[in-house]
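Q: This is the structure, below, for whatever I ask next.
The values are calculated or read from the model by the stated rules, or taken from the named source; none is laboratory data. Note that the structure is a prediction, hence the values are computed from the model and not measured. Ideal geometry is used to build each Cβ from the backbone, glycine not excepted, and the neighbour counts take in all protein chains shown. Protein only, heavy atoms only, side chains kept; ligands, DNA and RNA dropped before computing areas. Shrake-Rupley method; radii C 1.70, N 1.55, O 1.52, S 1.80 Å.
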Amino acid sequence: MNKLLTLLAAILLATPMKAQNPMVLGDNHAMLSVKHNANVLLLPVEEKEENAHITVIDQRNEAVKHFNIRLAVDKVDYYVPLEINGKNGTNTGDAQLLDIVFHGDRRTKGAIKDFACWREIKYVDAFDTTNREQFRPLYHHTPLYGWMNDPNGMFYKDGVWHLYYQFNPYGSQWENMTWGHSTSRDLIHWEAQPMAIEADALGAIFSGSCVTNGNEVVAFYTSAGQHQTQSMAVSKDNGLTFQKYSGNPILTSDVPDFRDPKAFWNEDIKAWNLILAAGQEMRIYSSKDLKEWKYESSFGLEYGNHGGVWECPDLFELGVKGERKWVLLCNINPGGPFGGSATQYFVGQFDGHKFTCESMPKVTKWLDYGKDHYATVSFYNAPDNRRVALAWMSNWQYANNVPTKQFRSANSIPRDLGLFTCGEETYVSVVPSPEMLAVRGAKLKKPTEACEIVVDMKSNAEIILSNAKGERVVMRYDGTNQTFSMDRTQSGNVAFSETFPCTTEAPTYGSIRQLRIFIDRCSIEAFDAEGKMAMTNLVFPSEPYNTLKVKGGKATIYAIEH
């Protein structure tokens with residue numbers, strides 16, 4: 001990732017040439033000629049504005065791309081790139097004209113010819129992605145620029161972890177969904193790759209999954225057009241580029257929310273299974289060839305939390321005490337334990353046709369008791385039979401408004417999942433993946449903006465992170481009631497959303513002997529070292545927390561190498 005950033009910054013033109021004046025066609029319509037030898041057009045974004053719609057037209061007068069963007073009217077918040085000469089294989093081809101339609105009431109904005117975007121549009125040879133953000137994490141995956149939400153299509157192949165994600169390349173708020181792509185050899189350091197799957201006539205590209213089938217990587221995703229349908233694409237170069245299947249869509253429904261297909265090989269039935277979200281239930285399918293899918297069953301009626309739409313399912317097998325059980329992950333928005341989005345799950349049995357939950361219908365189990373842990377799914381084909389998961393580290397209540405601009409959102413640290421029992425119930429354990437130990441550095445006397453704190457606990461403990469500005473996060477462990485809480489009401493900037501300042505609380509299902517806390521500029525992730533509790537929360541302090549006070553425990557602070 002760092003090498004890519006350095007390269008892109010180095011080849012940025014020192015003095016970008018500004019674009020020419022637009023052809024104004026009406027109160028809300030303009031065209032802009034983009035004939036130029038440069039590779040990239042920098043488009044200025046002003047986030048308070050409404051979306052404008054841009055059609056990119058090539059030299060054959062054919063539309064090659066459509067997208068929405070909040071073009072600057074008064075001032076520029078940041079820039080996003082539009083490739084105009086097709087040198088990196090994008091489908092814009094040799095762009096020669098932008099057809100731009102502005103939306104909303106223009107009477108209060110003045111004449112279209114005076115909009116700031118015309119003065120600020122620039123040509124460059126490459127887009128400078130050097131970080132300009134105070135809160136960009138140092139060891140969590142983030143997009144180089146733009147908006148990111150759900151992790152998609154994650155798989156492991158030939159020593160490389162592939163992470164795709166919901167991506168808006170034309171702004172740092174949700175819009176224009178495509179599959180971004182990053183790769184890693186250690187689950188910590190990520191290298192940005194070109195966009196993998198872009199919108200087409202069937203719709204925007206929503207969440208989905210990938211499987212490996214021989215030498216091919218097969219992607220399943222939701223085509224979000226007027227209705228949501230399921231599509232397929234095949235890669236013959238290890239997931240770098242995809243060819244969309246000519247028979248798309250492969251699955252349709254009359255349910256409005258019909259999305260997020262997760263496919264996997266099921267050795268028990270010697271066939272493929274696919275699970276997807278349909279309203280407030282999960283539907284399960286089977287296939288012999290990945291193209292023709294047979295409906296098998298549905299799960300969800302009266303089970304778990306139904307406070308919002310069910311999304312982003314996953315279904316996999318884990319072991320506990322010599323027994324194999326299946327886990328069905330079900331992300332829900334809203335309906336989370338502290339408002340907004342969260343990840344619930346169910347434990348039971350699956351025979352390749354039907355999932356049977358072993359708990360009573362009203363039992364709800366949460367994978368993470370923080371406010372900022374959503375769209376959790378696992379990697380396909382992880383080595384050593386591991387079940388490695390990533391989450392989107394935000395919450396739909398305020399994700400579009402957190403105090404960053406160049407980019408929005410990060411993924412959680414990688415987590416290995418397992419099972420444990422408490423009383424009559426079986427729960428999913430969550431521990432930081434062992435790759436996190438590989439980046440643990442020297443011991444520190446004080447916390448820093450990127451560190452791990454290990455606390456050996458007694459029966460009750462209080463942990464306070466603070467800085468000289470009086471901002472602080474208070475964590476409390478109550479061994480008597482078996483709870484752990486995190487209070488971020490005074491953590492720093494909490495004013496961007498009334499739903500952000502809060503205290504989250506988790507059951508610990510027994511005693512906590514050791515707590516592992518990961519800090520990375522804008523996030524705090526706390527884990528019971530044995531995996532019985534996980535809590536993920538964003539924080540936005542005006543300066544890093546550099547003071548640690550612990551009552552009822554002993555803390556060791558480690559640097560994290562990044």
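Q: Is there a quick way to get the dipole size of region 328-487? I mean about its Cα centre, with the Cβ of Lys and Arg at +1 and of Asp and Glu at -1; what is the value in debye to the nearest 20?
A: Dipole magnitude for region 328-487 comes out near 520 debye.
Q: Could I ask something else about it? Under the Karplus relation 6.51 cos²θ - 1.76 cosθ + 1.60, θ = phi - 60°, what is the ordered set of whole-Hz ³J(HN,Hα) values for region 331-339, x standing for Gly and Pro?
A: 7, 9, 8, x, x, x, x, 10, x
Q: If you bin every alpha carbon distance in region 439-556 into 5 Å steps from zero, what whole percent lands in each bin?
A: Percent of pairs per bin, in order: 2, 12, 24, 25, 20, 12, 5, 0.
Q: So what does residue 48 come to for accessible area, using a 1.4 Å probe and Å² rounded to 10?
A: About 130 Å², rounded to the nearest 10.
Q: If the cut-off is 19 Å between C-alpha atoms, which lysines fall inside it for residue 244, apart from same-chain ones fewer than 8 positions away?
A: 65, 236, 262, 291
Q: So what is the relative contact order of region 336-432, in percent, for Cα pairs below 8 Å that sit 6 or more residues apart? It would help to have the intermediate numbers written out before the result.
A: Values: 157 pairs, mean separation 22.4, N = 97.
Averaging sequence separation for qualifying contacts and normalising by length gives 23 percent for region 336-432.
Q: For region 286-299, in order, what is each residue's ³J(HN,Hα) by Karplus, 6.51 cos²θ - 1.76 cosθ + 1.60 with θ = phi - 60°, in whole Hz (x at glycine and Pro)?
A: The phi angles translate into 9, 7, 9, 10, 6, 10, 9, 10, 9, 5, 10, 5, 10, 9 Hz.
Q: Let a ≥ b ≥ c be the square roots of the eigenvalues of the Cα gyration tensor of region 234-282; is it rounded (a/c under 1.5), or, if not, prolate (a/b larger than b/c) or oblate?
A: On the way: a/c = 2.23, a/b = 1.27, b/c = 1.76.
It is oblate, given that a/c is not under 1.5 and a/b is not larger than b/c.
Q: What residues qualify as long-range amide H neighbours of residue 415, i.e. H under 5 Å apart, gap of 5 or more or another chain, H built at 1.01 Å from N?
A: Those qualifying (amide H under 5 Å, at least 5 residues apart or on another chain) are 389, 433.
Q: Compactness ratio of region 446-507: Cα Rg over 2.2 N^0.38 Å, N = residue count?
A: Working it through for region 446-507, the quotient is 1.23.
Q: Assign one of three labels to region 332-419, namely rounded, prolate or oblate, based on the Cα gyration tensor with a ≥ b ≥ c the square roots of its eigenvalues; rounded applies when a/c is under 1.5, prolate when it is not and a/b is larger than b/c, and oblate otherwise.
A: oblate
Q: To continue, here is another question. Among the trypsin sites (Lys or Arg not before Pro) in region 127-232, which ones are in a DSSP loop with at most 16 other Cβ atoms within 10 Å of the Cβ? Mind listing them?
A: Taking region 127-232 and a limit of 16 other Cβ atoms within 10 Å, the loop trypsin sites (Lys or Arg not before Pro) found are 132, 185.
Q: Name the residue farthest towards the positive end of the dipole of the chain from the options 151, 162, 537, assuming +1 on Cβ of Lys and Arg, -1 on Cβ of Asp and Glu, about the Cα centre.
A: Result: 537, furthest along the dipole toward the positive end.
Q: In the chain, what is the volume of the convex hull around the alpha carbon atoms, normalised per residue and reported in Å³? Mind showing how you got there, number by number?
A: Working: hull volume 88.0 nm³, N = 562.
Once divided by residue count, the hull of the chain is 157 Å³.
Q: What does the convex hull of the alpha-carbon atoms of region 322-476 project to on average, in nm²?
A: 13.3
Q: Moving on to the next point. May I ask you to derive the relative contact order of region 212-357, considering only C-alpha pairs under 8 Å and at least 6 residues apart, and to give it as an integer percent? Intermediate results must be reported in sequence, preceding the final value.
A: Numbers: 334 pairs, mean separation 21.8, N = 146.
Taking the mean separation of contacting Cα pairs over the length of region 212-357, I get 15 percent.
Q: Please list log₁₀ I(q)/I(0) at q = 0.13, 0.16, 0.21 Å⁻¹ for region 147-263, using the Debye equation with identical point scatterers on the alpha-carbon positions.
A: Listed by q, the Debye log ratios stand at -0.46, -0.69, -1.16.
Q: Report the Rg/Rh value for region 247-354, based on alpha-carbon coordinates and the Kirkwood definition of Rh.
A: With Rh from the inverse mean 1/r over Cα pairs, Rg/Rh is 0.98.
Q: In whole Hz and in residue order, list the ³J(HN,Hα) couplings for region 358-367 that follow from phi through the Karplus curve 6.51 cos²θ - 1.76 cosθ + 1.60, θ = phi - 60°; x for Gly and Pro.
A: The phi angles translate into 8, 8, 5, x, 7, 6, 10, 10, 9, 6 Hz.
Q: With charges only on Cβ, +1 for K and R and -1 for D and E, what is the dipole size of the chain about its Cα centre, in debye, rounded to 20?
A: The dipole magnitude comes to about 1120 debye.
Q: Before rounding to the nearest 500, sum -39500 (n - 2.57) across all DSSP H runs of length at least 4 in the chain and divide by the residue total; then give [θ] at 222 nm in deg cm²/dmol. Numbers along the way, then the final one.
A: Values: 3 runs with 18 residues, N = 562.
One gets -500 deg cm²/dmol as the mean residue ellipticity at 222 nm.
Q: Then there is this: Equivalent-ellipsoid semi-axes (√(5λ), Cα gyration tensor) for region 200-250, whole Å, largest first? Write out the running numbers ahead of the final one.
A: Working: eigenvalues 82, 18, 16 Å².
After scaling each eigenvalue by five and taking roots: 20, 10, 9 Å.
Q: Here is a further query. Could you work out the pair-distance distribution P(r) of region 140-211 from its alpha-carbon pairs, with 5 angstrom bin width and percents rounded to whole numbers?
A: Histogramming region 140-211 at 5 Å steps yields 4, 18, 28, 26, 15, 7, 2, 0 percent.
Q: Using amide H atoms built 1.01 Å from N in the peptide plane, name the residues 5+ places from residue 239, or on other chains, whose amide H lies under 5 Å from its own.
A: 217
Q: About the Cα centre of region 361-433, what is the dipole size in debye to 20, counting +1 per Lys and Arg Cβ and -1 per Asp and Glu Cβ, all else neutral?
A: Working: 8 positive and 6 negative charges, 62 e Å.
Dipole magnitude for region 361-433 comes out near 300 debye.
Q: Output the Kirkwood hydrodynamic radius of region 90-174, Cα pairs only, in Å rounded to one decimal.
A: Answer for region 90-174: a Kirkwood hydrodynamic radius of 17.1 Å.
Q: What number, in percent, do you get for the relative contact order of the chain if the mean sequence gap of Cα pairs under 8 Å and at least 6 apart is divided by its residue count?
A: Rounded, it is 10 percent for the chain.
Q: Among 285, 340, 366, whose Cα sits farthest toward the positive end of the charge dipole of region 230-377 (+1 at Cβ of Lys/Arg, -1 at Cβ of Asp/Glu, about the Cα centre)?
A: 285
Q: Say the dipole of the chain comes from +1 at the beta carbon of Lys and Arg and -1 at that of Asp and Glu; which of 54, 33, 500 then lies farthest toward its positive end?
A: The residue sitting farthest along the positive end of the dipole is 500.
Q: Kindly give Rg over Rh for region 46-148, based on alpha-carbon atoms, with the Kirkwood expression for the hydrodynamic radius.
A: Details: Rg = 15.5 Å, Rh = 15.6 Å.
Using Cα coordinates only, the ratio equals 0.99.
Q: For residue 57, what charge total do you get from the other residues with a beta carbon under 13 Å from its beta carbon, if Lys and Arg give +1 and Asp and Glu give -1?
A: Residues near residue 57 contribute -1 overall.
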